[in-house]
Every structure is written in C-alpha cells, then in structure tokens.
Amino acid sequence: AVRVGDAETDPAGVSESDVVVLGRDASARSAREIAACGSADAAAAASRRVAETWAAARAAAARQKAARAETAALVAALASAKEAAARAAADAAETRAKAGARVASKLADAEKRAAAAEAEAAAAEAAAATAPYVLTGAALGAGGLAAASDRVTVACIGVRNRGARLLKNLL
C-alpha cells in the first residue's frame, strides 16, 4: 500500500483500492494519481503534490476558522457598541428631561421675582401718588403759618463728632 508522504513505497502492482491516503481531505483523484504511477519517483512526486494540496487545504481551513472567529468578535463588538449607543441615548434623554425641569423651575422663580418687583413698583407708584395727600397744609404754609421751607434756616444731615463741633461754632 502507498502512504502519502512515504517516499520508500513501491507502487508496482498496487491497485487503486490498495492505496491508503492519510488525512481526511484527500480527494479520490489524488489517490488514483498515486496508484497510477509506474515508478517510486513518480509516486513520491504525486505523494508530494497531494501533501502540498492537503497542507494548502489545512492552511485555508485555518484561515477560514480565523476569519469566522474574527467575524464573531466583530459581531460581538458591534452588539456592544449598539448597547452603548442605546444607553447613551437614554442618558441623553434623561439629562434633557432633568435640564428641562431645572429650566422650568428657574423660569418659575424668575416669574415670581418679576411679579414681586412689579408689586414693589406698584407700591412705590401708589406712595408717590398719595404723597401730596399725606403732607399737611401747615407744612406747606396753609392757614397763615410759615411754610416749612421758610422755617428751616440751617440743616445738617449725618453730623457726628467733628461735624457737631463745627456746627456749634457756626451757630
């Protein structure tokens, strides 16, 4: 029997059914080539071609296996990226909702402050409008009395220690 890769075999008188090919990916054509060889050199050459073919097939299978593993890793990475993107979108929506609530709260506070300022302005306007009614006629010089502006000859505001001494010297 001829074994692939065994250079010491003699294929003379060997039938196709006697050929034992090592490796599960061997083709029937390769086995027939080895069996049809008329010399040991031809069988060895055919055996080398079959071995090279098997090596190439094993290398291609290994590359295919590696490609499948890489594809699976890429699919897993893509799924992970999609999950991260979904989490980021949910976080962004939550942040927008919180920011909206904060803006609404600040807007409500600003509206309250504006309403308070409007109320203060209205109170000041009312006080200014009623000021002539609060002053007495005597202060304005009604009834034969001297007006307050005629009675005050000297007035000092915010007089303390030195100012008080200077005012005594003036009077």
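The values are calculated or read from the model by the stated rules, or taken from the named source; none is laboratory data. Values in this document were obtained by computation on a predicted structure and should not be read as measured data. Positions of Cβ are backbone-derived with ideal geometry, glycine not excepted, and every protein chain shown enters the neighbour counts.
Side notes on the structure shown:
- Verdict on A138 being surrounded by 10 or more Cβ atoms within 10 Å (Cβ to Cβ) and modelled with pLDDT of 90 or more: no
- Among (1) among the acidic types (D, E); (2) surrounded by 10 or more Cβ atoms within 10 Å (Cβ to Cβ); (3) at pLDDT below 80 - the single one D150 does not satisfy: (2)
- Here is the figure for segment 147-171: residues that are hydrophobic (A, V, I, L, M, F, W, C) and assigned to a helix (DSSP H, G or I) total 5.
- For segment 48-70, the criterion of a residue being at pLDDT below 85 and part of a loop (DSSP other than H, G, I, E, B) is satisfied by no position.
- Boolean, A76 is within 36 Å of the chain's Cα centre (by Cα), surrounded by 10 or more Cβ atoms within 10 Å (Cβ to Cβ) and modelled with pLDDT of 50 or more: yes
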